[in-house]
Amino acid sequence: MKKEAIDIINAKTLLKRKLEEVYNREISTPRDFLWLSSQLEAMGMKLSPTTLKRFWGYIPESATPRKATLDALSQLLGYSCFSHFVASAGSDEEESSAPVLGSSIHPNAEMNVNDRIMLTWQPGRQCLIRYLGEGQFVVESSKNTRLMPGNTFNCEMIIEGEPLYLDNLVQSGRKPSGYVCGKRNGVHYSILQ
C-alpha cells in the first residue's frame, strides 16, 4: 500500500513537470494558475485556479486531488485520463503493430477537390483543411497548432484515432518537411459538407 502511495506522489510530480515542459511555463504565480485554468476551459474542462493552486502546493492541499482534477490535467497532455498518463510514464516499450480498425479516408479515392475536413487532436488543437487533389491539402484555419493558414502538405490516408503523418509540409520561409499531428492519442476528423 505504501509503495502505491509513493507511485501516485511521483506521478503527480511528473504530471506537474510535464505540463510545465509542454507549455514552456513554470506554474508558480496566481497569474499562472489563472492562465492554466483558461487553457482547460478552452478544451471544455473546468478547474478553478484555486484547485490548481492546491494541486501545485501553492496553497495547502487538505486531501488527495480528485480523479477529475488528475484526468483533466492529463488530458491537457494528450492522455485520455490520469491512469493512462501513469501507465505511459513508466513504459518505454514500443507498441506492437495492429491492423487499422477505425474509420479512415483515402483522399485520392474518396474526396473531391475543395472538400473540407476538420481535424482535432489533443491538447485542444484544431485544423480546417481543404483538399486540392492528388493527395494535397491546404490549411484554411487552425487553432493551437504550428500548422498555419496557407500551409500545404500531402497526405494519402487519414485514420480516426491514429497519428496523422503529413509529408512535404510547406510553410512560409521554411524548407518542406514532415509533420505528425496527434502523435500521442491520434487525430479525429469530420468531413464538412
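Any read-out appearing in this document is the output of simple, stated calculations on the displayed coordinates, not a laboratory observation. None of the values given here were measured: they were computed from a predicted structure. So basically every Cβ, Gly included, is an ideal-geometry build from the backbone, and we count neighbours across all protein chains shown.
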Listed pairs Lys16/Lys46; Lys18/Lys143; Lys18/Lys175 exceeding 28 Å between Cα atoms: Lys18/Lys175
Shape category assigned to segment 104-192 from the gyration tensor of Cα positions, a/c cut at 1.5: rounded
Mean residue ellipticity (222 nm) of the chain, computed from DSSP H runs ≥ 4 via -39,500 (n - 2.57), nearest 500: -10000 deg cm²/dmol
Residue order, fewest to most beta carbons within 10 Å, for Tyr79, Tyr58: Tyr58, Tyr79
Percent of C-alpha pairs per 10 Å bin, segment 2-89, short to long: 17, 56, 25, 2
Over the chain: Rg over Rh, Cα atoms, Kirkwood Rh: 1.04
